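The values are calculated or read from the model by the stated rules, or taken from the named source; none is laboratory data. Being a predicted model, the structure only gives us computed values, none of them experimental. Reconstructed Cβ throughout: ideal geometry from the backbone, glycine too, with neighbour counts over all protein chains shown.
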């Protein structure tokens, strides 16, 4: 069995996961516990780590079963095939969410012209401008060194700088 990536309707991730589970399909929707504040109260809520995405584990022949669940839009494709995630990577994600404080986890997208600071590796504490961002890699311009570098975002910690 493979883990496939499902794209869901906006804000339907948890409901889709629950309905898939009730249909007998193994599903994983990574959730973060966050404290939300309102003017009159605060409450712990669970939010999806990846908005509009769920992961399902099933045989290739059973892939169409997910479309009986309201809120499922389509499979995510990579190179013309449904994107798959290795079991090892799914376990890593599950363990990571159990080990770390959810308040310290934040997902951000890099956009062209974003200013960032590199927080690990040989270029630690260098500031850069994002020239291109594709998947796990970003092309950065290090102005003070006059260099363009391609960075693997899985192996480097970066921090998005807030424009002043």
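Could you grab me the full set of residues in segment 115-147 that are exposed (fewer than 13 other Cβ atoms within 10 Å of the Cβ) and over 23 Å from the mean Cα position of the chain (by Cα)?
Correct list: 122, 124, 125, 143, 144, 145, 146, 147.
Restricting attention to segment 148-164, report how many residues are in a loop (DSSP other than H, G, I, E, B) and surrounded by 11 or more Cβ atoms within 10 Å (Cβ to Cβ).
Looking only at that region, the number is 4.
Residues 92, 49, 110: which one is in the same structural domain as residue 19 (by TED's automatic domain parsing) and touching a residue at least 40 places away in the same chain (Cβ under 8 Å)? Spell out the reasoning first.
On the way: 92 fails: touching a residue at least 40 places away in the same chain (Cβ under 8 Å); 110 fails: in the same structural domain as residue 19 (by TED's automatic domain parsing).
The match here is 49.
Across segment 1-25, what is the number of residues that are without any contact (Cβ under 8 Å) to a residue 40 or more places away in the chain, out of contact with any strand residue (DSSP E or B) (no Cβ under 8 Å at 6 or more places or on another chain) and not in a loop (DSSP other than H, G, I, E, B)?
2
So, in segment 14-31, how many residues would count as being surrounded by fewer than 16 Cβ atoms within 10 Å (Cβ to Cβ) and closer than 20 Å to residue 95 by Cα?
Here the count works out to 1.
Does residue 61 satisfy being surrounded by 16 or more Cβ atoms within 10 Å (Cβ to Cβ), under 17 Å from residue 4 (Cα atoms) and at pLDDT 90 or above?
The answer is no for residue 61.
Out of curiosity, is residue 66 buried (at least 16 other Cβ atoms within 10 Å of the Cβ), at pLDDT 90 or above and in contact with a strand residue (DSSP E or B) (Cβ under 6 Å, 6 or more places away or on another chain)?
So residue 66 passes the test.
Going through segment 26-57 one residue at a time, which ones are touching a strand residue (DSSP E or B) at 6+ places or on another chain (Cβ under 9 Å) and over 23 Å from residue 72 (Cα atoms)?
Listed by number, the residues that qualify are 33, 34, 35, 36, 37, 42, 43, 44.
Looking at (1) over 15 Å from residue 16 (Cα atoms); (2) surrounded by 11 or more Cβ atoms within 10 Å (Cβ to Cβ); (3) within 22 Å of the chain's Cα centre (by Cα), which is the only condition residue 80 fails?
All conditions pass for residue 80, except number (2).
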